Amino acid sequence: MANMDFIAPTDKYENWNVYKLSLIIVDITDLFVKTYLPKFGDRTVDQMVQAARSCKQNIVEGSVDAATSREMELKLTNVAKGILAELMQDYEDYMRHHDLTIWSVKDPRVSQIRRFSRMHDKPEIYLTKLRERDAEAFCNITLTLCHQLDYMLYCVMERAKAIFLQKGGIREEMYRARIAACKGNQNQSHQSNQRNQSHLKDGSNQNNLSRRSADSSDSSNSSDKNQADR
């Protein structure tokens, strides 16, 4: 039986932890610009909001396109990484301009944020907690989440590359499926011919038996007639 599943099934992106984290970053970035940036006259507001949103949208599109194109998945995921880097730069610029400290990777607070993010994937809980923090904590928490997302996107790309090296692209998958389908059709045709030949042979044998039976019956009738005549 030919394998017709050359289009790889994909899970709903809404259930994907990468998407969930990108959505959190979108929502908390929206809260950040409304809380700490001026409402008018600062282009950074639109840049940060659009960067967060574009990162998420490219993740979604890359996830959907993965079904038919590993190339597009890699391109869009890499675009998401690039946009995310721009967003992190905007947060770092804000901290530098306002004399805020960027926490070290080894800071216990960073480890605490990472542990928290592994257990919580709903934006609401982050928004609630961030409303209680100052600008320095807000920016560092967001940067930590961005670094986590960046690493997750790296893992997505590595996985996509591994699958491509193992199975190739959609054209190769389609070619293999087509060859398998042709072989399956040939086998079915061969089996059908064998069945037809078998039926013809059985019919021929039955006809021969019928003729022999008829000949035997005629011979017996002739013998009975001769005996009756004598």
Residue identified as in the same structural domain as LEU130 (by TED's automatic domain parsing), in a helix (DSSP H, G or I) and crowded, with 18+ Cβ neighbours inside 10 Å among ALA80, ALA85: ALA80
Residue count for the stretch 140-163, restricted to those that are within 22 Å of ALA67 (Cβ to Cβ) and among the aliphatic types (A, V, I, L, M): 7
Test result for GLU92, more than 28 Å from the chain's Cα centre (by Cα), modelled with pLDDT of 95 or more and part of a helix (DSSP H, G or I): yes
Output for the stretch 143-156, where each listed residue is buried (at least 17 other Cβ atoms within 10 Å of the Cβ) and out of contact with any Leu (no Cβ under 8 Å at 6 or more places or on another chain): LEU143, THR144, VAL156
In the stretch 28-54, the residues that are crowded, with 18+ Cβ neighbours inside 10 Å, in contact (Cβ under 8 Å) with a residue 40 or more places away in the chain and not aliphatic (A, V, I, L, M): THR29, PHE32
Lone unmet requirement of (1) in a helix (DSSP H, G or I); (2) at pLDDT 95 or above; (3) acidic (Asp, Glu) for GLU71: (2)
Residue satisfying condition, being at pLDDT 95 or above and either surrounded by fewer than 13 Cβ atoms within 10 Å (Cβ to Cβ) or part of a helix (DSSP H, G or I) (or both), within set ARG159, ARG114, ARG171, ARG176: ARG114
Candidates THR29, THR35, THR44 - the one that is of a type in the set (Val, Ile, Thr), more than 21 Å from HIS147 (Cα to Cα) and assigned to a helix (DSSP H, G or I): THR35
Residue, farthest from ILE25 (Cα to Cα), within the stretch 117-138, restricted to residues that are out of contact with any Asp or Glu (no Cβ under 8 Å at 6 or more places or on another chain) and surrounded by 16 or more Cβ atoms within 10 Å (Cβ to Cβ): ALA137
Test: residue in the stretch 7-27 that is closer than 20 Å to GLU92 by Cα, among the aromatic types (Phe, Trp, Tyr) and at pLDDT 85 or above: no
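The values are calculated or read from the model by the stated rules, or taken from the named source; none is laboratory data. Keep in mind the model is a prediction, meaning the values are calculated, not measured. Neighbour counts run over all protein chains shown; Cβ positions are idealised from the backbone, glycine included.
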